[in-house]
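Asks: Dumping the structure here so I can ask a few things about it.
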Amino acid sequence: MIKTPIFLIGFMASGKSSLAKKLANRLELSCLDLDDMIAEKEGRGITEIFKKEGEQYFREAERRALKEVASKRAVIALGGGTPCFYDNMDLIKKSGTSVYLNVPLKVLLGRLKQNRSKRPLIANLSEAELLDFVKHQLEERSPYYLQADLVVEKPKISPNELIALLT
């Protein structure tokens with residue numbers, strides 16, 4: 001029996017949202033995306049929240065949303081920074097099962113270059129700045145991510161593969 005909720009954590013573009021949908025479907029659980037929840041509650045997109053209110057405001061909204069979902073029977077895709085603020089990683093670990101999707105840097109960069117406009121932290125960065133940003137962020141965030149109950153070291157994993165690792 002897999003302890004729920006299942007939290008998918010990892011850097012932006014690591015595949016959390018797409019895997020969450022497939023995994024939730026396979027396990028017959030609800031699928032939640034924390035960023036989508038915040039955007040819905042705020043009535044505006046994450047990019048707009050960052051621009052108008054700043055990162056601190058967003059992180060507080062993110063913390064409230066995390067508390068709200070911590071007891072749900074669901075697969076939850078978290079934002080890349082969610083585990084790294086406040087005591088969020090402690091809450092994640094106490095509440096359910098955490099899975100870190102540890103995708104190689106080169107793969108992350110390729111994915112991020114394709115849809116950077118949707119991501120407020122990288123939207124206006126050059127390729128060199130993007131590389132520096134991702135390297136720096138991964139260095140800062142890895143100690144949080146590595147606290148996950150399970151670390152998946154591959155660019156893509158199927159729901160069935162992940163279920164096998166979790167059981």
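Asks: Out of the residues in the stretch 15-35 that are touching a helix residue (DSSP H, G or I) at 6+ places or on another chain (Cβ under 8 Å) and charged (D, E, K, R), which is surrounded by the most Cβ atoms within 10 Å (Cβ to Cβ)?
Replies: Applying the filter and picking the extreme gives 35.
Asks: Could you count how many residues in the stretch 29-75 are in contact with a Lys or Arg (Cβ under 9 Å, 6 or more places away or on another chain) and among the hydrophobic types (A, V, I, L, M, F, W, C)?
Replies: 9
Asks: Working carefully through the options 77, 61, 70, find the one that is of a type outside the set (Ser, Thr, Tyr) and more than 25 Å from residue 136 (Cβ to Cβ).
Replies: Among 77, 61, 70, only 70 is of a type outside the set (Ser, Thr, Tyr) and more than 25 Å from residue 136 (Cβ to Cβ).
Asks: Among the residues of the stretch 1-14 satisfying the criterion of being more than 17 Å from residue 158 (Cβ to Cβ) and not β-branched (Val, Ile, Thr), which is surrounded by the most Cβ atoms within 10 Å (Cβ to Cβ)?
Replies: 7
Asks: Sticking with this structure for a sec: If a residue has to be closer than 15 Å to residue 98 by Cβ, assigned to a helix (DSSP H, G or I) and of a type outside the set (A, V, I, L, M) to count, how many in the stretch 49-86 make the cut?
Replies: 3
Asks: Kindly provide the set of residues from the stretch 124-153 that are assigned to a loop (DSSP other than H, G, I, E, B) and touching a residue at least 12 places away in the same chain (Cβ under 8 Å), ordered by number.
Replies: Once the filter is applied, which keeps residues that are assigned to a loop (DSSP other than H, G, I, E, B) and touching a residue at least 12 places away in the same chain (Cβ under 8 Å), the stretch 124-153 yields 146, 147, 148, 149, 153.
For every residue, the table says whether it meets (1) buried (at least 18 other Cβ atoms within 10 Å of the Cβ); (2) closer than 30 Å to residue 28 by Cα.
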site: 48; (1), (2): no, no
site: 84; (1), (2): yes, yes
site: 111; (1), (2): no, yes
site: 138; (1), (2): no, no
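Laboratory data are not the source of any read-out in this text; all were calculated from the coordinates shown. Just so it is clear, the model here is predicted, and its values are computed rather than measured. Cβ sites come from the backbone with ideal geometry, for glycine too, and all protein chains shown count toward neighbours.
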